[in-house]
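**Q** Got a structure for you, questions after.
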Amino acid sequence: MSTLCVRFLLPPLYEAAMPRLLTLLGEFSPVVEALPPDSALVDVRGAMRYFGRDAVELASVIRVRALAHHGVDCVIGAGPGPMLARMAAREAAPGVTRAVGADVDAVAEFLGPKPVVELPGVGRATARTLCSYGLDSVGKVAAAPLSTLQRLVGARAGRELHEKAHGVDRARVVPNAAARSLAAERPFPRDELDPTRHRRALLSLTEELGARMRDEDQVCRSLTLTVRYADRSTTTRTRALPEPTAHSCALTGSAYRMYEALGLQRARVRGISLRAEGLGPAEHAAHQLMFDPVDDRARKLEAVADRARAKFGPGAIVPGTLAA
């Protein structure tokens, strides 16, 4: 076992803690791959040699530190590769690490009884095709000849399916220094009914996320809005943006439209969070040119405001609605 899949049990509106939790994992291994919104893969081969502990023991230490330093519990799966570690994490319970051994018998025992749809890369259509021929479990797929699988799902897909059913995982943990999502939240001091305050919170969130992305020269492709109510239930909506952007006005418009679609006329809202997803380098993003002086002027003012915030602090320039 050389790979851990750690899923942090984050409370609602607590996603902004992920960067700190990823830093915690980085204390054990430099090879950490973030899996937004709440998980990460960790290659612990070097850590096992350095700390003189096996993967399960390292997982216990990670769990204790996450609880002690951040108040967040986690579930952890351990396996010889990312695929098995992620599958093991689905079965793990808080306080117990689900481990899959590297030997052939242990892998077969773990994978054999599982439905074929649980294999990564097997969608519903492929699963229906396999089940129609009686290959409804991973064990049966592993026992089927490679040529049979290739006739059923295609040459390349059949080979990949055959390898995964035998626990062969060619994926590797890829460190991603730049997170693939950014999150921010705004809890209210009391259950809030006023839609105007809801919109002010959204404006504050989009201003913060836009500034953070521009500071890191990144853009996002979609936004995820989470609204938490007085009874602790939540509603989550995701919307793809017309184009990758870090422009605060564009983010605010999309966030307002998602909020309005929820129809929260008299809802008691306890907090709102917003997550920018699908981050990528701003230099690779395409921007639709517009013959609109208002849009051009807004982007120039935004650049000036960013320079002022960098020099005098984040509160140096804020929208008038938030200043009030």
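The values are calculated or read from the model by the stated rules, or taken from the named source; none is laboratory data. Remember, predicted model here, so these are calculated numbers, not experimental data. Heads up, the Cβs are rebuilt from the backbone with ideal geometry, glycines too, and the neighbour counts pull from every protein chain shown. These area figures cover heavy atoms from the full protein model, side chains too; ligands, DNA and RNA do not enter into them. Shrake-Rupley method; radii C 1.70, N 1.55, O 1.52, S 1.80 Å.
**Q** Per residue, how much accessible area does the chain show when a 1.4 Å probe rolls over the protein heavy atoms, in square angstrom? Spell out each step's value before the answer.
**A** Details: 17060 Å² over 324 residues.
Counting only protein heavy atoms, the per-residue value for the chain is 53 Å².
**Q** Same structure, new question: What translational diffusion coefficient, to the nearest whole µm²/s, does segment 11-126 have by Stokes-Einstein, given a Kirkwood radius computed over alpha-carbon pairs, a temperature of 25 °C and 0.890 mPa s viscosity? Don't skip to the answer; put the middle values down first.
**A** Numbers: Rh = 15.2 Å.
In µm²/s, the coefficient rounds to 161.
**Q** Read phi for every residue in segment 137-152 and hand back ³J(HN,Hα) as whole Hz from Karplus 6.51 cos²θ - 1.76 cosθ + 1.60, θ = phi - 60°, with x for Gly and Pro.
**A** 10, 5, x, 5, 5, 5, 7, 6, x, 4, 4, 5, 4, 5, 5, 7
**Q** Sticking with this structure for a sec: Relative contact order (percent) for segment 61-102, with alpha-carbon contacts under 8 angstrom and 6 or more residues of separation?
**A** Details: 64 pairs, mean separation 15.0, N = 42.
About 36 percent, as a whole number.
**Q** Give the carbon-plus-sulfur fraction of the accessible surface of the chain in %, rounded to a whole number; probe 1.4 Å, heavy atoms of protein chains only.
**A** On the way: 9160 of 17060 Å².
Carbon with sulfur: 54 percent of the solvent-accessible area.
**Q** Based on DSSP H runs of at least 4 residues, each adding -39500 (n - 2.57), what is the mean residue ellipticity at 222 nm of the chain after dividing by all its residues, to the nearest 500 deg cm²/dmol?
**A** Working: 13 runs with 144 residues, N = 324.
Mean residue ellipticity at 222 nm (helix-derived): -13500 deg cm²/dmol.
**Q** Still on this structure: Please find the FRET efficiency linking R309 to E243, where r is the Cβ-Cβ separation and R0 is fixed at 30 Å, and quote it to the nearest 0.05.
**A** Numbers: r = 24 Å, r/R0 = 0.81.
For R309 and E243, the calculated efficiency is 0.80.
**Q** Hey, another quick one. Which one of L67, L25, L161 has the biggest mean-square fluctuation once the chain is modelled by GNM with Cα springs under 10 Å?
**A** Per the Cα network of the chain with a 10 Å cutoff, L67 tops the list.
**Q** What residues qualify as long-range amide H neighbours of S137, i.e. H under 5 Å apart, gap of 5 or more or another chain, H built at 1.01 Å from N?
**A** The answer is V116.
**Q** Taking Cα atoms of the chain, Rg/Rh with Kirkwood Rh, to two decimals?
**A** Values: Rg = 23.2 Å, Rh = 22.4 Å.
That ratio is 1.04, to two decimals.
**Q** Quote the relative contact order of the chain in percent (integer), defining contacts as alpha-carbon pairs under 8 Å separated by 6+ residues. Write out the running numbers ahead of the final one.
**A** On the way: 538 pairs, mean separation 50.7, N = 324.
It comes to 16 percent, rounded to a whole number.
**Q** Next up: Amide H of S222: which non-local residues (sequence gap of 5 or more, or other chain) have their own amide H closer than 5 Å, using H built in the peptide plane?
**A** L241, E277
**Q** Could you work out, for segment 220-267, what percent of all Cα-Cα pairs fall into each 10 Å distance bin, beginning at 0 Å and stopping at the bin that holds the largest distance?
**A** 24, 50, 22, 4
**Q** For A230, which sequence-distant residues (separation of 5 or more, or a different chain) have an amide H within less than 5 Å of its own amide H, given hydrogens modelled in the peptide plane?
**A** Sorted by chain and number, the residues that satisfy this are R268, R270.
**Q** With θ set to phi - 60°, apply the Karplus curve 6.51 cos²θ - 1.76 cosθ + 1.60 along segment 61-68 and write out the HN-Hα couplings as whole Hz, x wherever there is a Gly or Pro.
**A** 5, 4, 4, 5, 5, 5, 6, 6
**Q** Turning to a different aspect of this structure: K164: which lysines have alpha carbons under 28 Å from its alpha carbon, excluding same-chain residues fewer than 8 sequence positions away?
**A** Correct list for K164: K114, K140.
**Q** Could you tell me the convex hull volume per residue, in Å³, taken over the Cα atoms of segment 122-193? If you can, show how the numbers build up before the last one.
**A** Working: hull volume 14.5 nm³, N = 72.
It comes to 202 Å³ per residue, whole-number rounded.
**Q** Looking only at chymotrypsin sites (Phe, Trp or Tyr not before Pro) in DSSP loops with at most 16 other Cβ atoms within 10 Å, what is the longest site-free stretch of the chain?
**A** For chymotrypsin sites (Phe, Trp or Tyr not before Pro) (loop position, at most 16 other Cβ atoms within 10 Å), the longest site-free span of the chain is 134-290.
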